[in-house]
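Attaching a single structure in structure tokens format; questions to follow.
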Amino acid sequence: MTAEQPEILFVHGLWMHGIVFTAHRRRLRRMGRASHVFSYHSLLGALDAAADDLAARIASLGGRPLHLVGHSLGGCIVLHMLARHHPEGIGRVVLLGSPCCGSHAGECILRVPVLRGALGRVLPQWLARPLPEVPPGYEIGVVAGNRPVGMGRIVPGLERPHDGMVTVAETRWPGARDHTVLPVTHMQMLWSRACLIQTLHFLDTGRFLRGVPRG
């Protein structure tokens, strides 16, 4: 690791595990960049506990600055952790398709008793609370997708553009320094080369590229 290339900590989304970042982490290793993953119980766990465990994971890594990258619900946990713990030594933060401003698909599923349990506890707790008050010192960038392929297509009234699960509007965190939209689905963000290029450019510079490779 060099001073110009801080380590990166990835945080996964609902129904997932840190292993989903394998493609991105392999590319990072080839670049000589170190990365880590944080896994949590997205179904049986709780929002506060996930944020507390993430803060403990950050403290255990020691090296500073440390960049954070959260996909989907993972980005919401990152925001909640920043507001709850105010950790020092955080470099920059990228949210990948995170429903940080609500989730129409999630709210629709919660209204169906037979499906409600599939969302676990963390996401419903996030949706039930006001947006967390993240201190302004953190530099946050948001990547959204506009390729509408995914489970969300069966949800009535899902506003376009969306990535198959999360609408672009739902990703627009009010405290973000920059926001970009890529032609990818919600799940493609986990292996898309263009998504990683954009993520690294923001982590390194605080801004996203314009006109990057597609997909």
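Read-outs throughout are calculated quantities, based only on the coordinates presented, and are distinct from any laboratory measurement. Quick caveat, the model's predicted, so the values are computed rather than measured. Every residue, glycine as well, gets a Cβ built from its backbone with ideal geometry; the counts of neighbours run over all protein chains shown.
Would you please put 153-160, 72-79 in order of how densely packed they are, using the mean number of other Cβ atoms within 10 angstrom per residue and starting with the highest?
Final packing ranking: 72-79, 153-160.
For the peptides 183-191, 80-88, 29-37, 118-126, what is the packing order when you average, over each peptide's residues, the other Cβ atoms within 10 Å and list the highest mean first?
183-191, 118-126, 80-88, 29-37
Still on this structure, please answer the following. I'd like to know which of Met31, Val94, His67 lies farthest towards the positive end of the charge dipole of region 29-105, counting +1 on Cβ of Lys and Arg and -1 on Cβ of Asp and Glu.
Comparing the listed Cα positions along the dipole, Met31 ranks first.
Would you compute, for the Cα atoms of the chain, the largest minus smallest coordinate along each principal axis and list the three values in descending order, in whole Å?
50, 37, 30
Can you give the extra length, in nm with one decimal, that the chain gains between Glu159 and Ser60 once fully stretched, where that is 0.36 nm per residue apart less the Cα-Cα distance?
Working: separation 99, 0.36 × 99 = 35.64 nm, distance 4.04 nm.
Stretched out fully, the Glu159 to Ser60 stretch lengthens by 31.6 nm.
With Cβ to Cβ distances under 13 Å as the rule, what net charge do the other residues near Leu127 carry (K, R +1; D, E -1)? Walk me through the numbers on the way to the answer.
Working: positive: Arg111, Arg116, Arg121, Arg129; negative: Glu107, Glu170.
Net of charged neighbours comes to +2.
Quick one: net charge of Leu73's neighbours, Cβ under 13 Å, K/R +1, D/E -1?
0
Modelling each spin label as a point 7 Å along the Cα-to-Cβ direction, I'd like the Leu115/Asp204 distance in nm, to one decimal.
Using points 7 Å along Cα→Cβ, the separation is 4.1 nm.
For Trp15, what is the net charge nearby, where nearby means another residue's Cβ is under 15 Å from its Cβ and Lys, Arg count +1, Asp, Glu -1?
+2
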